[in-house]
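Before any comments, here is the structure.
The values are calculated or read from the model by the stated rules, or taken from the named source; none is laboratory data. Bear in mind that the values here come from a model prediction, so they are computed numbers and not experimental data. Cβ atoms come from the backbone with ideal geometry, glycine included; neighbour counts cover every protein chain shown.
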Amino acid sequence: MYVDSRGTLTRSRVFNVRRREPRYVSSIPVTVQRFSRFGPFLTRAVSLDIGTRGISALVCGALRVGETVVISLSLPDGPVETLATVRHSSDAKTGFEFHPLSPTAKQGIQAWIDELKQHEESLFPYAYVSAAEIGND
């Protein structure tokens, strides 16, 4: 949904999305394990969105772009651990791209995404109602 400068709802603008796979809003606990010259270092985070190829999260501490980390996701069906590369990092959020997932990790993440898809409308009911009303003009 797009709100113009006068505060009224208008039709959504078309955006050029660079992602190959869709992302779904998800807030789950994440642990990021970094490797420094002093040994492994654990950092806590909370996910913002997730897809089959990556995740973005609010991370405590700055990560370097290009750094390889181990991400542990606390999914409802059980924990999932996978390697990922930091693709972008700022004070606001960090984006990770998963390395090729193991069958177990792929199955766990896909099951969580399927659940998110199933409940997507109930998570954001007002946005969907407004979008439906605008789409019926």
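Residues considered: VAL46, VAL80, VAL32, VAL59. Of these, the only one that is under 28 Å from HIS119 (Cα atoms), modelled with pLDDT of 90 or more and in contact with a helix residue (DSSP H, G or I) (Cβ under 6 Å, 6 or more places away or on another chain) is VAL80.
From the list VAL70, VAL30, the one residue that fits, being in a strand (DSSP E or B) and over 15 Å from the mean Cα position of the chain (by Cα), is VAL70. Counting only residues that are assigned to a strand (DSSP E or B), out of contact with any Cys (no Cβ under 8 Å at 6 or more places or on another chain) and under 19 Å from GLY78 (Cβ atoms), the stretch 43-52 holds 3 of them.
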